[in-house]
Amino acid sequence: MYKLLRPLLFMLAPEKAHALIVFILQIPCFAFLLGKFCSVENRKLERTVFGLKFKNPVGFAAGFDKNALVFNKLGRMGFAFVEIGTVTPKAQPGNPRPRSFRLKKDCALINRMGFNNDGLDAIAKRLKGKRKRLIVGGNIGKNTAVANTDAVSDYLEVFCGLYDYVDYFTVNVSCPNVCNLQQLQDKDELARLLKALVDERRARQVYRPVLVKISPDLSFQQIDDAIEIAKSMEIDGIVAVNTTNSRAGLATEAAEIARIGGGGLSGKPLTDRALEIVRYIVQKTEGKLPVIAVGGIMSVADAMNMFNAGASLIQLYTGYIYQGPALAGKIQRALLKSDN
């Protein structure tokens, strides 16, 4: 079915196609009915990770439901958890359009959205309607106009504002589409930011896991630094990885890549690097630091490779765009088959 629908969706600009999908998902009963065909319910798929019980290990990555409009709908379509955001304190429009591009020859996307979202207050109100069994992660960031020197206050504001409405947090310091944001991955800057969040968490009666999302463009030394900080700051896990600035090995013509310009690359070109980093973190930490694998998961085989590398959970996004809503269920069935 999706093979017939995808060419029609791909006739639209990526951002318009995304808006159409979000609109369709809000049609009453649509997601429920689609979920009957695309999802799997089986207790054998349940996993407990950083203290949370997931009905299965497949989630939807941040960036799709930026404004917390369809997280419940995605939960009905087989996803055990949905990461909303990135959320910033104030609403902001993001970068100028066009800012999202398909690389069909590479099964990839390039985006430079720039944390476009409706802001903390509006998103927090929508999260009050969260279904009980669905786990929702809050991907948090800073407003673009806020300098890195003042970033901690922005992250803290969103952290506090969403604390009662999400189940875990992902600290986004690795998006390549916000000017200088990746500098917050530097050892001292990251430690300062995470310490502020963890200190705030200690003052709360309810414990929320805090994870950090890292870039695929980090060196192994920088990944080691991130692991060291995560351990020392009582961070609960790592989300690996964000989109990449690399354009190496693409089948799309160089002139087209130049025309598109900057932005984070996701999809199939990221598969090998994402898997390499997941495997490295798991081996480096002896499996003691949970990893959510995201990036380049375009097929059942890609998902199984991530699990075999030690990922506790996975998230889909670009694979969902190219392969359709049945992908989550296919992965779940493969996991059940592998357990037999």
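The values are calculated or read from the model by the stated rules, or taken from the named source; none is laboratory data. Owing to the predicted nature of the structure, the values given are computational and were not obtained by experimental measurement. Every residue, glycine as well, gets a Cβ built from its backbone with ideal geometry; the counts of neighbours run over all protein chains shown.
Give region 225-247 a look and list any residue that's touching a residue at least 60 places away in the same chain (Cβ under 8 Å) and of a type in the set (S, T, N, Q), or say none. Answer for region 225-247, where residues must be touching a residue at least 60 places away in the same chain (Cβ under 8 Å) and of a type in the set (S, T, N, Q): Asn242, Thr243, Thr244, Asn245. Are any residues in region 121-156 touching a helix residue (DSSP H, G or I) at 6+ places or on another chain (Cβ under 8 Å), β-branched (Val, Ile, Thr) and farther than 25 Å from Phe60 by Cα, and if so, which ones? The answer is Val146, Val152. Taking (1) within 20 Å of Leu218 (Cα to Cα); (2) touching a helix residue (DSSP H, G or I) at 6+ places or on another chain (Cβ under 9 Å); (3) hydrophobic (A, V, I, L, M, F, W, C) in turn, Val282 satisfies each apart from (2). List the number of the failed condition for Val210; all other conditions in (1) of a type in the set (A, V, I, L, M, F, W, C); (2) under 22 Å from Val49 (Cα atoms); (3) out of contact with any Lys or Arg (no Cβ under 7 Å at 6 or more places or on another chain) hold. Condition (3) is where Val210 drops out. For residues that are in contact (Cβ under 8 Å) with a residue 60 or more places away in the chain and either in a strand (DSSP E or B) or within 16 Å of Val212 (Cα to Cα) (or both), scanning just region 117-153, find the one that is farthest from the chain's Cα centre (by Cα). By that ranking, first place goes to Ile135. When each of Glu83, Glu157 is tested for being in a strand (DSSP E or B) and at pLDDT 95 or above, the lone residue that passes is Glu83.
Hey, does region 143-152 have a residue that's of a type outside the set (Ser, Thr, Tyr) and within 30 Å of Met298 (Cβ to Cβ)? No, region 143-152 contains no residue that is of a type outside the set (Ser, Thr, Tyr) and within 30 Å of Met298 (Cβ to Cβ). Being surrounded by 13 or more Cβ atoms within 10 Å (Cβ to Cβ) and of a type in the set (Val, Ile, Thr) is the filter; apply it to region 1-60 and report the residue that is nearest to Tyr168 (Cα to Cα). Ranking the qualifying residues of region 1-60, first place goes to Val49.
Within region 273-281, identify whether any single residue is touching a strand residue (DSSP E or B) at 6+ places or on another chain (Cβ under 7 Å), touching a residue at least 60 places away in the same chain (Cβ under 8 Å), on the phi > 0 side of the Ramachandran plot and of a type outside the set (Asp, Glu), and answer yes or no. Looking for residues that are touching a strand residue (DSSP E or B) at 6+ places or on another chain (Cβ under 7 Å), touching a residue at least 60 places away in the same chain (Cβ under 8 Å), on the phi > 0 side of the Ramachandran plot and of a type outside the set (Asp, Glu), one finds none in region 273-281, hence no. For region 39-65, the candidate set comprises residues that are part of a loop (DSSP other than H, G, I, E, B) and of a type in the set (Phe, Trp, Tyr); within that set, the residue that is farthest from Leu316 (Cα to Cα) is Phe50. Scanning region 248-272 for residues that are without any contact (Cβ under 8 Å) to a residue 60 or more places away in the chain, touching a helix residue (DSSP H, G or I) at 6+ places or on another chain (Cβ under 7 Å) and within 22 Å of Ala62 (Cα to Cα) returns a single hit, Thr271. Going by the conditions given, is Arg47 more than 19 Å from Gly119 (Cβ to Cβ), modelled with pLDDT of 95 or more and of a type in the set (Lys, Arg)? Considered against the rule, which asks whether it is more than 19 Å from Gly119 (Cβ to Cβ), modelled with pLDDT of 95 or more and of a type in the set (Lys, Arg), Arg47 comes out as yes.
Entry remark, region 10-31: residues being closer than 21 Å to Phe71 by Cβ and either assigned to a loop (DSSP other than H, G, I, E, B) or in contact (Cβ under 8 Å) with a residue 12 or more places away in the chain (or both) number 12 in total.
For region 34-52, the candidate set comprises residues that are in contact (Cβ under 8 Å) with a residue 60 or more places away in the chain and of a type in the set (Lys, Arg); within that set, the residue that is nearest to Ala334 (Cα to Cα) is Lys44.
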